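Everything on this sheet refers to the single structure shown next.
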Amino acid sequence: MASLDMDGPFALDSKAIQSKVAGNPGNFALGTMTGNKRFAVRIVGRSDDNLQKTLLKELKRGTGQPGFFARLFAGKKRINAFKFSHARDAQAAFSKECRNFHNFGGSKKLANKAHPAPPPGVKAACEYCKGK
Ligand SMILES: [Zn+2]
């Protein structure tokens, strides 16, 4: 079974983000806690510099504004939990984001609309696109 290799899940609120997540590069997954305490991944992402800040921004995007993200944060299968891990640097975070993206079905299964893009100024290719 695919694994995110992250800590959590935690309830998706600013308190949990501020107390658990540090201001370093890292990766996250947003998802839904189902009735039987299973975490269903909906979106994977990363932060090149400050994971805590990025997660707070995602939370605000989902809860405070209309549109695509707001829809994910509403309804029966709304996003209400997150998992995260810290990374050595932006490039390591990118590599892990690619792995998560492919392991969890890419754009077909995730709410991620596009394949992860490398950090600005970095020429890195996805190691998991090979042979696909
Ligand atoms: Zn790829």
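A short reminder: the numbers here are calculations on the coordinates, not readings from a lab. All values derive from a computational prediction rather than experimental measurement. All Cβ positions, even for glycine, are placed from backbone atoms using ideal geometry, and neighbour counts span all protein chains on display.
Here are some notes:
- What you get for the chain, charging only the Cβ of Lys and Arg (+1) and of Asp and Glu (-1), is a dipole of about 560 debye around the Cα centre.
- Straight-line cross-link partners of residue 57 among the aspartates and glutamates, defined as a Cα under 16 Å from its Cα and at least 8 positions apart when in the same chain: 13, 48, 49.
- Stretching the chain fully between residue 129 and residue 71 yields a gain of 18.0 nm (0.36 nm per residue, less the alpha carbon separation).
- Coarse-grained scattering of the chain at q = 0.13, 0.15, 0.22 Å⁻¹, given as base-10 log I(q)/I(0) from a Debye sum over alpha-carbon atoms: -0.51, -0.68, -1.46
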